[in-house]
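Take a look at the structure below.
What follows draws every value from the coordinates through simple rules; no lab data is involved. Remember, predicted model here, so these are calculated numbers, not experimental data. Ideal geometry is used to build each Cβ from the backbone, glycine not excepted, and the neighbour counts take in all protein chains shown.
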Amino acid sequence: MFDWLVVGAGFAGSVLAERLASQRGETVLVIDRRSHIGGNAFDWYDEAGILVHRYGPHIFHTNAEAIVAYLSQFTTWRPYEHRVLAKVDGKLVPIPINLDTINRLYGLDLTSKQMEQFLVERRESVEEIRTAEDVVVGTVGRELYEKFFQGYTRKQWGVDPSQLSKSVTARVPTRTNRDDRYFTDTFQCMPAGGYTRMFHRMLAHPKIKVMLQTDYREIRKVIPYRRLIFTGPIDEFFDFRLGKLPYRSLRFEHVTLDRPRVQPVAVVNYPQTEAFTRVTEYKHLTGQQHPQTSLTYEYPTDDGDPYYPVPRAENEVLYKRYEALAAQQTDAIFVGRLATYRYYNMDQVIGQALAAFNRIQKTGAPALSL
Ligand code: FAD
Ligand code: UDP
């Protein structure tokens, strides 16, 4: 009899398993239907021996010192500040849009103050900023919105930005200075030995057992456990009884080329051309020295593994109905990007898992399911 069954070996499941085993001395069985731990943050050495991320580029960034301190028990860090270029009108220019983006795109030599005026003249007045379109046209105007955001978003989400919540494009700021970092968080680093090695250390506790290639549905009636932590898609847990929640998927095309470097930065976005959204070259992230280089092309799709909850009002309404069902589930806790239908970064999922653990500590574990 395990004290806990944890479904999913990504950040949500692994953090909780580690806390329950190390702080409460309880036994935990972690299962994942994939053949590896780490969830979407899984990285591995490909056939060429290059460390790549199987599910697209994962850059760790946070302002939360407590989360860094927590993870630092399991990894050391390689400082890395993420930079992204967008291929727009045939030029590679910085995204988020900054002073250099505007100057290079339009052949100008504006100062920051002049760029502010440039934007004031172009931005549209939007009465209430609700959608992913409103955020951008209200900041940089329609022309830059169409160049940088509309095409990318249609590819990425399969719908127009006007159909998505403002939170989607609000992730990408606009700057009138020359800061070309993708993130401005106080802590931006990569786990020095990679994510998977960090997960191995988190799950190495003797009270934790891991079973891979195992779906919850296969074992839920077979393996005895007292309480459940579920980090998979919440609608699937309830057998889609209220209908399907849309999750956007990606097809990843991984390639290795016989040259040391291809792109000037780790990620190049393609908002205007190509069927893929972005291309990632991993050696920029990892600092690995190798005569070859490996890249990933991301092709968004509806079918396939669920990667992104789709932030729009009608989906939130359906999620809230599932959340109400989950609240009645006295022996189970739902945590993570898929189980709480939130477009969360890694640090937010870790924060959510640590908060769930603190609640268990304060109020006791949920009732037994015997
Ligand atoms: P997941 O990592 O999805 O883990 C859930 C696990 O549960 C999966 O392994 C799944 O196989 C398993 N599972 C589901 N259902 C079942 C079942 N029925 N039975 C058994 N196992 C099951 N965040 C950042 O901070 N920085 C980034 O740069 C970044 N880049 C990203 C790029 C891409 C392309 C994507 C898709 C996400 C990115 N993220 C990034 C977000 C990050 O991946 C997530 O925040 C984080 O990995 C979510 O962890 P999780 O444990 O909630 O979910
Ligand atoms: N986005 C865009 N053009 C870009 C970069 C981002 O339109 O060049 C939009 C797009 O809708 C994307 C969202 O902003 O899904 C959030 O971007 P982010 O880079 O955070 O996406 P993620 O890394 O989570 O896929």
Subject >> Exposure proxy order (Cβ contacts within 10 Å, fewest to most) of Lys362, Lys147, Lys320 >> reply: Lys362, Lys320, Lys147
**OP:** For the stretch 88-171, just the Cα atoms, rotate onto the principal axes and tell me the three extents in Å, largest first.
**Re:** 36, 30, 18
Original post:
Hey, what number do you get for the chain at 222 nm if only DSSP H runs of n ≥ 4 count, each worth -39500 (n - 2.57), divided across all residues, to the nearest 500?
Top reply: -8500 deg cm²/dmol
Original post:
What is the magnitude of the charge dipole of the stretch 88-171 about its Cα centre, with +1 placed on the Cβ of each Lys and Arg, -1 on the Cβ of each Asp and Glu, and no other charges, expressed in debye to the nearest 20?
Top reply: 300
Subject >> Efficiency of FRET from Cβ geometry, Arg122 and Thr256, R₀ 45 Å, rounded to 0.05 >> reply: 0.60
Original post:
How high is the relative contact order of the chain, given as a whole-number percent (alpha carbon pairs under 8 Å, six or more residues apart)?
Top reply: 26
Subject >> Potential extension, Lys362-Gln292 segment - 0.36 nm per residue separation minus Cα distance >> reply: 20.1 nm
Original post:
Semi-axes of the equivalent ellipsoid of the chain: what are they in whole Å, largest first, if each equals the square root of 5 times a C-alpha gyration tensor eigenvalue?
Top reply: 38, 25, 19
Original post:
Using 1/(1 + (r/R0)^6) with R0 = 45 angstrom and r between the beta carbons of Leu325 and Asp46, what's the FRET efficiency to the nearest 0.05?
Top reply: 0.65
Subject >> About the Cα centre, charge dipole magnitude for the chain (Lys/Arg +1, Asp/Glu -1 at Cβ), debye >> reply: 820
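Find the relative contact order for the stretch 64-126 and round it to a whole percent, using C-alpha pairs within less than 8 Å whose residues are 6+ positions apart.
RCO, the stretch 64-126: 15 percent.
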**OP:** Determine which residues of the stretch 309-334 fall in the zone a paramagnetic label at Ala355 would reach in this model, i.e. backbone nitrogen under 14 Å from the point 7 Å along Cα→Cβ.
**Re:** 334
